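The values are calculated or read from the model by the stated rules, or taken from the named source; none is laboratory data. This is a predicted model, so every value here is computed, not measured. Virtual Cβ from ideal backbone geometry, glycine too; neighbours counted across all protein chains shown. Please note that ligands, DNA and RNA were not included when accessible areas were found on the heavy atoms of the full protein model with its side chains. Shrake-Rupley method; radii C 1.70, N 1.55, O 1.52, S 1.80 Å.
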Amino acid sequence: MLAVTAPYTSQLAQALAPGLLARFLRYVRVDTQADRDSGAVPSSPGQLELGRLLLAELRDLDLRDARQDDAGIVTATLPGPDAAPVVGLIAHVDTSPDAPGAGVEPLVHRAYDGSVLELPRGGTRLDPAAMPELSACAGHDLVTSSGDTLLGADDKAGVAEIMTAVAHLARNPDLARPTLRVAFTCDEEIGLGAERVDLERFAARCAYTVDGSTLGELQDETFTAAAAIVTIDGVDVHPGQATGKLVNAARLAARVLAALPADTLTPETTSGREGFLHPYEMSGTAARATLRFIARDFDDDLLDRHVALLRETAERVVGAEPRARLTFETRPQYPNMRRFLEPYPEVVGRAEAAIRAEGLEPVRSPIRGGTDGSILSARGLPTPNLFTGGHEYHSVREWASLHEMAAAAATLVRLAERWAVA
Ligand SMILES: [Zn+2]
């Protein structure tokens, strides 16, 4: 196939692309992988390091009030006219713990020819036959990892796009804009990002996370999420003297799992607006076994039902063995943001207008996951999510289209114009 560069979505996107790519390549090389077990704030030192780099760049751009707080969150202000509203732009610097995140060596594939991309390490292949979004990007400049790490487009594409947009606005003071408040958060991937944002200090009327994927995507709906932990205590006895005494907790845990639906209500058998119940970790001995679940749904009542099903199943299976003991814990993780956004239709409306101004049709799809915006919206800062042009997140196959990333950065410039007046 011929390698012909596809056109950008606009002249603005094309003009922003080279600087955007340079930023992105710089940011993905910093290891910012979140660490679920560290207990530190932020959970890994690389997040502070990238934060310091961003802080220096924001100061070079002459943004005001640039600071990094104790939680590692970097904020800065690009002032607009006195009466203009304050609008936030948010991305997260951490990357997922679910794929290797250290030593990212990004590769740029100019004018992608639409064929299978064989990455140099780990035998990783990007096959357009299995990835429709990749086949739609023939002619784009693509960025991948070297095959043995994630890329970190989630969410350094968003970070680079926000930086590129505010740099463009800072260099062009005649362009219409509100007061823009930028925030780069930490530990989004382990669900600890948005709680740590000081909203009083941020003082924005609304915000946008730039943490989506597909070109033109605008998301105002996320899962409602809960976690559940099933702990089973058995009776451990030396197997040589176990006759009639041993109660094996590991075996009971396996029975609980086997008693749950496997053909429905799982992440691998559901899509669209369907929810699920997902055992993501099991550990155990004969004495004690633990099953960790996440439950997800767009409908809060259905979510409660999924959790109730798990509880009833565990009670029935473990209850059949009176000498075993069951502990069931559940906690909410994040809420569907939609009900918090509905009172402010202009927040989504202006984003739609900005996407259209970039020549794109807004893609409205509910997020089968959460974003910082789920928690922020619930805390009173209406925050829908915008596309980044990154794909196949949380895996060594993660890739990004520079053409789509440039469209995202240009969309942010157009969004600023739409918020220039309240
Ligand atoms: Zn993300």
With a point put 7 Å past each Cα toward its Cβ, work out how far His394 is from Ala353 in nm, to one decimal. 3.6
According to a simple spin-label model (label point 7 Å from Cα along Cα-to-Cβ), what is the distance in nm between Met131 and His278? 1.9
Leaving out ligands and nucleic acids, and using a 1.4 Å probe, what accessible area per residue does the stretch 1-98 come to in Å²? 48
For Ala420 and Ala83 in the same chain, what is the full-extension length gain: residue separation times 0.36 nm, less their Cα-Cα distance, in nm? 120.4 nm
Which trypsin sites (Lys or Arg not before Pro) in the stretch 356-411 sit in a loop by DSSP (not H, G, I, E or B) and have at most 15 other Cβ atoms within 10 Å of their own Cβ? Arg364, Arg379
Mean projected area, convex hull of alpha-carbon positions in the stretch 91-244, reported to one decimal in nm², is 17.0
Indicate, rounded to the nearest 5 percent, the antiparallel portion of the DSSP beta bridges found entirely in the chain. 75
Please work out the average accessible area per residue across the stretch 274-422, using the 1.4 Å probe convention, and give it in Å². 43
Which value in nm describes the separation of the simple spin-label points at Gln11 and Arg171, placed 7 Å from the Cα toward the beta carbon? 1.6
Using the Cα centre as the reference, give the magnitude of the dipole from point charges on the C-beta atoms of the stretch 244-334 (Lys, Arg: +1; Asp, Glu: -1; all else neutral), rounded to the nearest 20 debye. 680
FRET E, pair Val41, Arg311, Förster distance 35 Å, beta-carbon r, rounded to 0.05: 0.60
Quick check on the chain: helices-only [θ] at 222 nm, where DSSP H runs of length 4 and up contribute -39,500 (n - 2.57) each and the sum goes over total residues. Nearest 500, please. -10000 deg cm²/dmol
With +1 on the Cβ of every Lys and Arg and -1 on the Cβ of every Asp and Glu, and nothing else charged, how large is the dipole of the chain about its Cα centre, in debye rounded to the nearest 20? 400
Accessible carbon and sulfur surface of the stretch 97-164 relative to its total accessible area, %, 1.4 Å: 51
Under 5 Å between amide hydrogens, which residues at least 5 positions from Gln333 or on another chain qualify, with H placed 1.01 Å from N in the peptide plane? Ala225, Ala226, Ala227
How much accessible surface does Arg288 have with a 1.4 Å probe, in Å² rounded to 10? 120
Packing-based order for 4-14, 214-224, using average beta carbon neighbours within 10 Å, highest first: 214-224, 4-14
Calculate, for the stretch 129-229, the solvent-accessible area per residue in square angstrom, rolling a 1.4 angstrom probe over the heavy atoms of the protein chains. 27
Can you work out the Karplus-derived ³J(HN,Hα) for every residue in the stretch 187-204? Use 6.51 cos²θ - 1.76 cosθ + 1.60 with θ = phi - 60°, whole Hz, and x for glycine or proline. 6, 4, 5, 10, x, 10, x, 6, 5, 8, 6, 7, 6, 5, 6, 5, 6, 9
Distance-filtered residues of the stretch 293-315 - backbone nitrogen under 12 Å, label point 7 angstrom along Arg251 Cα→Cβ: none
Additional length obtainable on full extension of the chain from Ala22 to Arg379, 0.36 nm per residue less Cα span: 125.0 nm
For the stretch 91-195, which trypsin sites (Lys or Arg not before Pro) are both in a DSSP coil and crowded by at most 13 other Cβ atoms within 10 Å? Arg110, Arg121
Theoretical gain in end-to-end length, Arg59 to Asp236 [0.36 nm per residue, Cα-Cα removed]: 57.6 nm
